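The values are calculated or read from the model by the stated rules, or taken from the named source; none is laboratory data. What you are looking at is a predicted structure, and each value in this text was computed from that prediction instead of being measured. Cβ atoms come from the backbone with ideal geometry, glycine included; neighbour counts cover every protein chain shown. To get the accessible areas, we keep the full protein, side chains included, count just its heavy atoms, and leave off ligands, DNA and RNA. Shrake-Rupley method; radii C 1.70, N 1.55, O 1.52, S 1.80 Å.
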Amino acid sequence: QIHLAESGGGLVQDGGSLRLSCAASGRTVYISALGWFRQAPGKEREFVAGIVWTGRTTKYADSVKGRFTLARDNAKNTVHLQMNNLKPEDTAVYYCAVRRVGGEEYQYWGQGTQVTVSS
């Protein structure tokens, strides 16, 4: 019912910036919140940032506070994750996920986009 597509990943130097995008399609009326997660090789998946679909309340992991910023466009179907001052430890596959209205967890996931930060 809800499909997610991430884009914007790539290779950047230490201290550089990238902007990730998550485009939602399908039955987007069901979206309650959208979150970004990441997983590095050999490590567990971790929460990065999330935004309430209406109201634009945001939450960030301590490791990215002050460096990453979420924003939703006016069409309400795309969320951008602006990543500044990237560090090698930010290297991971970044996933977009959605929690539906009335849902207790993130149920829909994108395919992921690779972010690599060179030192």
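State to the nearest 20 debye the size of the charge dipole of the chain about its Cα centre, where the only charges are +1 on K and R beta carbons and -1 on D and E beta carbons. The dipole magnitude comes to about 340 debye. Under 16 Å from a label point 7 Å along Cα→Cβ of Gln1: give me every residue in region 70-101 with its amide N that close. It comes to 98-101, nothing else. The aspartates and glutamates within cross-link reach of Lys65, meaning a Cα-to-Cα straight distance under 13 Å and a gap of 8 or more places when in the same chain, are Asp90. Under the rule a/c < 1.5 gives rounded, and otherwise a/b versus b/c splits prolate from oblate, where does the chain land using the Cα gyration tensor? Because a/c hits 1.5 or more and a/b exceeds b/c, the chain counts as prolate. Rolling a 1.4 angstrom probe over the protein heavy atoms with all chains in place gives the chain an accessible area of 53 Å² per residue.
Determine which residues of region 42-68 fall in the zone a paramagnetic label at Glu89 would reach in this model, i.e. backbone nitrogen under 20 Å from the point 7 Å along Cα→Cβ. Residues passing the 20 Å test: 42-50, 60-68. Overall, the accessible surface of the chain at a probe of 1.4 angstrom is composed of carbon and sulfur to the extent of 45 percent.
Pairs of Cα atoms nearer than 8 Å and 6+ residues apart set the relative contact order; for the chain it is 35 percent. The simple Förster model, with R0 at 25 Å and r as the Cβ-Cβ distance, assigns Lys76 and Ser17 a FRET efficiency of 0.50.
Counting 0.36 nm for each residue step from Val101 to Val52 and taking away their Cα separation leaves a gain of 16.6 nm. Relative contact order for region 1-49: 30 percent, from Cα pairs under 8 Å spaced at least 6 residues apart, divided by residue count. Among the trypsin sites (Lys or Arg not before Pro) in region 35-119, those located in a DSSP loop and surrounded by at most 16 other Cβ atoms within 10 Å of their own Cβ are Lys43, Arg45, Arg56, Lys65, Arg67, Lys76. Which GluC sites (Glu not before Pro) from region 68-119 combine a DSSP loop assignment with at most 15 other Cβ atoms within 10 Å? Of the GluC sites (Glu not before Pro), the ones in loops of region 68-119 whose Cβ has at most 15 other Cβ atoms within 10 Å are Glu104, Glu105.
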